[in-house]
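The values are calculated or read from the model by the stated rules, or taken from the named source; none is laboratory data. Remember, predicted model here, so these are calculated numbers, not experimental data. Cβ placement follows ideal geometry from the backbone for every residue including glycine, while neighbour counts extend to all protein chains displayed.
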């Protein structure tokens, strides 16, 4: 127990150092510090119009949050408050907000309270409207809460979040399929790529926050991605779908998992990143990602950022300009068929990557 507490304190100190460094060096939109001669410090690729777009998007999220802390934006797929709250929460954290600091501290605090309240005795973080596809939301909720954990100042609140995450980690571990992946619900005993990568990134984030995560579970999941690779370097919908074609969005997500796992130099990571460059476009149709444009770029942006300056400098200006061109008058982005909160959260995550605010999305 003493070692766990020491690890938790050390992790929290590292988190605060990263956060403060991000604020001091990069600047954070509306929360950005003022540098010499009163000029705001901006990271490369972020100009005044980008900052305005970010601010408008954040204002939209703040306005659209429900009083109970959730976001209920609905699309043709239904309503997924836990998933939307996890994603919107990450977007707010990336602007430098915590539960007590920043222009949107109140929204972060409400989001955290909602997700903690959505934690079931089983460990699943979900809501009744998400019962048929609960694992995506479970993963996004754990990602947000684990990134928030190191920023939380209240000892009581940290303990509360830690307990929710411990139960969530256990739920994810015992719902892993025999092949190493996950499907839409924890009791489905199946697997597919998009749910799998959501769980892997969440588990990585929890582990980085100082929580105990089984190495065997993560290794088994990474093996699942290896088994899902097709000869062209893309990732199929499922590992057992031997006749299925590669899916660019899932491939981009898999690349992020390899990078998060420290396997960026692995042959499969290199092949998959090359596949993404050849098959994911920027324009309205987003070559190869029809119907899943925002999902694909949520991960493709991270992959290009984590893979270095050359790839990022080739990717970000094009993606930035396209996102700015399609932002709605109310500050939102329509995200595929999932809804405006989904699209806005993802657009903000992409546009704020250069600020290097949260550890899971830092190089």
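Results, tabulated for the structure shown:
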read-out	value
Residues that are part of a loop (DSSP other than H, G, I, E, B), surrounded by 19 or more Cβ atoms within 10 Å (Cβ to Cβ) and out of contact with any strand residue (DSSP E or B) (no Cβ under 7 Å at 6 or more places or on another chain), drawn from region 133-180	150, 151, 152, 177, 180
Options 281, 244, 233: the member that is assigned to a loop (DSSP other than H, G, I, E, B) and at pLDDT 95 or above	233
Evaluation of residue 216 against (1) surrounded by fewer than 18 Cβ atoms within 10 Å (Cβ to Cβ); (2) closer than 30 Å to residue 159 by Cα; (3) touching a residue at least 12 places away in the same chain (Cβ under 8 Å) (one fails), failing number	(3)
Qualifying position, being touching a helix residue (DSSP H, G or I) at 6+ places or on another chain (Cβ under 7 Å) and surrounded by fewer than 21 Cβ atoms within 10 Å (Cβ to Cβ), among 183, 211	183
Test: residue in region 200-211 that is part of a helix (DSSP H, G or I), under 30 Å from residue 161 (Cβ atoms) and touching a strand residue (DSSP E or B) at 6+ places or on another chain (Cβ under 7 Å)	no
Among residues of region 313-352, those that are touching a residue at least 60 places away in the same chain (Cβ under 8 Å) and either outside any helix (DSSP H, G or I) or under 19 Å from the mean Cα position of the chain (by Cα) (or both), counted	24
Selection from region 247-269 of residues that are out of contact with any helix residue (DSSP H, G or I) (no Cβ under 9 Å at 6 or more places or on another chain) and in a helix (DSSP H, G or I)	267
Pairs, first free of Cβ contacts under 8 Å to residues at least 40 places away in the same chain and on the phi > 0 side of the Ramachandran plot in region 173-191, second surrounded by 16 or more Cβ atoms within 10 Å (Cβ to Cβ) and assigned to a loop (DSSP other than H, G, I, E, B), C-beta under 7 Å, six or more apart	189/177
Filter result for residue 236 (surrounded by fewer than 23 Cβ atoms within 10 Å (Cβ to Cβ) and either more than 20 Å from residue 191 (Cβ to Cβ) or touching a residue at least 24 places away in the same chain (Cβ under 8 Å) (or both))	yes
